[in-house]
Amino acid sequence: LIGAIHFASADCYPLRPEIEKAFESSNNLVVEVDIGNIDPSTTQTLLLTKGTYSGGQTIKDHLSRQTYQLLIDYLDKQGIPANLFQKYKPGMLVMTLTSMELMKYGFSPDQGIDLHFLRKARGRKTILELETLEQQLDMLMNLPQEDQMLQQTIKEFDTYPQLMQSLI
């Protein structure tokens, strides 16, 4: 059993021999979601449907004044126009901004541990999913205490290099 790191870097490889040996000796690969077997247009549609507000609602309507200001300040510091994210729900912002921060530090979803094993397993092993993409997005887009989750996420961005090293 290994925790899948969805964003990693090339220097994470090769993995320790005991990890690769365990993979080779297994009949199945069990992942959260088989991301290598999802149509990109389906993903995009689900993200837009589940991760954005409809009608006249915006993120400003769903955050405390303090969290909204923290978001605006962060986006301004990054040189990102805030209007690009006005329709995003907090869960979508957490996912998107976290991805951007990780890529800034050289981590990529193309190097993720889950994708590494999915590529190796395809056609050789049975791939089992714990969730569907829709289930995972439902959970991520309906986080409890989403205001606090977004606030905490933004405040922790400076610690990401150390956090990722610890995870790896």
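The values are calculated or read from the model by the stated rules, or taken from the named source; none is laboratory data. Nothing here was measured: the structure is a model prediction, and the numbers come from that model. Note that we place each Cβ from the backbone using ideal geometry, even for glycine, and neighbour counts take in every protein chain shown. Remember, those area values only see protein heavy atoms, side chains included, never the ligands or the DNA or RNA. Shrake-Rupley method; radii C 1.70, N 1.55, O 1.52, S 1.80 Å.
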R0 of 30 Å, Cβ-Cβ distance Ile19-Thr96: FRET efficiency to nearest 0.05: 0.50
Kirkwood-type radius of segment 74-168, with distances r between different C-alpha atoms, in Å: 15.5
Accessible carbon and sulfur surface of the chain relative to its total accessible area, %, 1.4 Å: 54
Acute angle (nearest 10 degrees) that the helix 90-104 long axis makes with the longest principal axis of the chain, alpha-carbon atoms: 60
Cα long-axis angle, helix 65-78 against the chain (0 to 90 degrees, to the nearest 10): 70
R0 of 45 Å, Cβ-Cβ distance Ser26-Asp147: FRET efficiency to nearest 0.05: 0.65
Nonlocal amide H pairs with Val30, under 5 Å, H built at 1.01 Å: Leu128
Dipole magnitude of the chain, debye to nearest 20 (Cβ charges: Lys/Arg +1, Asp/Glu -1, about Cα centre): 200
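Find the lysine pairs in the chain meeting two conditions, Cα atoms under 15 Å apart and a separation of 8 or more places or different chains, and report how many there are. Each step should come with its number before you reach the end.
Working: Lys21/Lys120; Lys21/Lys125; Lys50/Lys87; Lys50/Lys89; Lys60/Lys87; Lys60/Lys89; Lys77/Lys104; Lys77/Lys155.
Total qualifying Lys-Lys pairs in the chain comes to 8.
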Label point distance in nm, Met139-Ile72, each placed 7 Å from Cα along Cα→Cβ: 3.4
Simple Cβ-charge dipole of segment 25-119, Lys/Arg +1 and Asp/Glu -1, about Cα centre, in debye nearest 20: 340
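With each run of n ≥ 4 DSSP H residues scored as -39500 (n - 2.57), what mean residue ellipticity at 222 nm is computed for the chain after dividing by its residue count and rounding to the nearest 500 deg cm²/dmol?
Roughly -15500 deg cm²/dmol at 222 nm, from the helical runs in the chain.
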Length gained when the stretch Ser108-Ile2 is fully extended (0.36 nm per residue, less Cα-Cα span): 36.3 nm
Charge dipole (the chain, unit charges on Cβ, about Cα centre) - positive-most of Ile80, Leu1, Asn142: Ile80
Inter-label distance, nm, simple model (7 Å from Cα along the C-beta direction), Asn37/Arg65: 5.1
Average accessible area per residue (Å²) across the chain - probe 1.4 Å, nucleic acids and ligands excluded: 60
Hz values of 3J(HN,Hα) by residue in segment 107-123 - Karplus curve (6.51, -1.76, 1.60), Gly and Pro given as x: 9, 9, x, 5, 9, x, 4, 4, 5, 3, 6, 4, 4, 6, 7, 3, x
For segment 109-168 and segment 7-35, distance of Cα centres in Å: 15
